[in-house]
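Student: I am attaching a structure below and will ask some questions about it afterwards.
The values are calculated or read from the model by the stated rules, or taken from the named source; none is laboratory data. Since we're looking at a predicted model, the values are computed, not measured. All Cβ positions, glycine included, derive from the backbone under ideal geometry; neighbour counts span all protein chains shown. These area figures cover heavy atoms from the full protein model, side chains too; ligands, DNA and RNA do not enter into them. Shrake-Rupley method; radii C 1.70, N 1.55, O 1.52, S 1.80 Å.
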Amino acid sequence: MDNELISVIVPVYGAEKYLRQCVESVLAQTYSHWELILVDDGSKDTCPAICDEYSRSDSRIRVIHQENGGFSVARNSGIDASKGEYLTFVDADDIIHPGFLEFSLRMVKAQGCDIACVEMRRFRDIPRIDDEEVTFPTMSLAGWEYLEKALYQTSGNNGVWGRLYRRSVFKREKFTPGIGYEDLDIFYRIFANVPKIAYTSVEMYYYRQNPDSYMNNFRLSRSDSLDVCDRMVEYLGKVSPDLEKAARDRRLSAYFNIFCLMIANNYNDYALEKRCWDVIKVERMASLLNPKVRLKNKLGVVVSFFGRPALRLLARMLY
C-alpha cells in the first residue's frame, strides 16, 4: 500500500471522560502514517490539557485551541489545518477499530473512488474489538445509491464519521456553521455528487451511547433538523425524482421525531408542534404508498390518521 498521509480530525468539547479512549484508538491503528488534529473548541473541562499532553507525547498529534464555535466550525478548522491526502472524522466520545484507517484506504484504492464507508456499532462501555487481520468483503455503490439507502434508513447512516474521504471532496463542500444536524446537512450534498463509493457492512466505527450527548436530550436547537430536511428536499428535488422521494421520507422522520420528543418531554410550543403536524399530513400518504419506506415510518403514518391526540399518545408510550 502507498504511504499516503491520513488526517484524523477530532472536534473536542466537554469530553474529558472519553477523550483518552478516543485518542488511544487512533494510536492503536495498524496504519501508522496519520496525523491527528485535536480541535479544542473552547472546552471548559480538562480536555485542553489532555490534548496538549498527547501532542507532547507524539509528533503526529497537533492541537488547535479556539473559542467555542460548534462542531461545524471545529471540523472546518481541522480541514483547513490538515495536510493529508485523505481525511476522516472521529467524535471525541467515540472510538475506531484498530484496522479502520488501513482497511478504509484499501477500500478507496481497490474501488477507485473518493469515499470509503464502514458501518458503526452503538455501545455504552468499551466494546470488544476483534484484533484479527482485516479481510472483510467490500462493494462499490454509486453515491446516489448509498444516499438513497441512508435517507430511507435501511442501511448506512448520515453521520460524517465512519468514512474515509479523499481530500478533494472538501474542496467542494464545507460544514455549515451555527446549525445542529450539520452531519445530515453536508451528507446529502457530498453523496449526491460523488460518482462511486466503497462500502462494507462490517462495524468498524464505535458510536458511544452517551446519555449526556446532544442527540440524547431534547432542546429547541434540535428543531434545526427540520430546516436541514426542508433544504435537503429542495436540493435533491433538483437532482432526481427518486432522491426527492427519499428526502421527503427522511423529512417525515425528522418531523415525527421532533413532534414526539416535544410531547414526551412536555415541551410546549404550539407553533413548532403545528409545523410538525402540518408536514406530517402533507407527506404521510406518499410514504405510506412508497414500498421503499421502512415499517417504522409507515406505522407512524397509520397512527397519524387517527389524529393528533393518537400521535401524542404514541409519543408518550415510546419516547
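Student: Filter region 142-173 for residues that are surrounded by fewer than 16 Cβ atoms within 10 Å (Cβ to Cβ) and farther than 21 Å from ARG122 by Cβ; which is modelled with the lowest pLDDT?
Tutor: ARG172
Student: Same structure again: Of all the residues that make up region 137-174, how many are in contact with a Gly (Cβ under 8 Å, 6 or more places away or on another chain) and within 23 Å of CYS22 (Cβ to Cβ)?
Tutor: 1
Student: If you go through region 79-86 one residue at a time, do you hit one that is of a type in the set (A, V, I, L, M) and in contact with an Asp or Glu (Cβ under 8 Å, 6 or more places away or on another chain)?
Tutor: No; the residues of region 79-86 include none that is of a type in the set (A, V, I, L, M) and in contact with an Asp or Glu (Cβ under 8 Å, 6 or more places away or on another chain).
Student: Inspect region 85-93 for any residue being open to solvent by 10 Å² or more (accessible area, probe 1.4 Å) and among the aliphatic types (A, V, I, L, M) and give the result as yes or no.
Tutor: no
Student: Being open to solvent by 20 Å² or more (accessible area, probe 1.4 Å) and in contact with a Gly (Cβ under 8 Å, 6 or more places away or on another chain) narrows it down to one of GLY70, GLY42, GLY112, so name that one.
Tutor: Criteria check complete, one pass: GLY70.
Student: Shifting gears a bit: Return yes when ALA49 is surrounded by fewer than 18 Cβ atoms within 10 Å (Cβ to Cβ), small (Gly, Ala, Ser) and in contact (Cβ under 8 Å) with a residue 24 or more places away in the chain and no when it is not.
Tutor: For ALA49, the condition - surrounded by fewer than 18 Cβ atoms within 10 Å (Cβ to Cβ), small (Gly, Ala, Ser) and in contact (Cβ under 8 Å) with a residue 24 or more places away in the chain - is not met.
Student: Can you give me the number of residues within region 274-294 that are in a helix (DSSP H, G or I) and touching a residue at least 24 places away in the same chain (Cβ under 8 Å)?
Tutor: Residues that pass the stated criteria total 9.
Student: Please verify whether SER59 is loosely packed, with under 14 Cβ neighbours inside 10 Å, small (Gly, Ala, Ser) and more than 21 Å from ARG163 (Cβ to Cβ), treating the condition exactly as stated.
Tutor: yes
Student: Here's a check for you: in region 4-19, which residue that is among the charged types (D, E, K, R) and either surrounded by fewer than 16 Cβ atoms within 10 Å (Cβ to Cβ) or within 17 Å of GLY84 (Cα to Cα) (or both) is farthest from the chain's Cα centre (by Cα)?
Tutor: GLU4
Student: Quick check, is PRO211 modelled with pLDDT under 95 and under 18 Å from the mean Cα position of the chain (by Cα)?
Tutor: yes
Student: Looking only at residues that are of a type in the set (S, T, N, Q) and touching a helix residue (DSSP H, G or I) at 6+ places or on another chain (Cβ under 8 Å) in region 230-267, which one is least open to solvent (accessible area, probe 1.4 Å)?
Tutor: SER253
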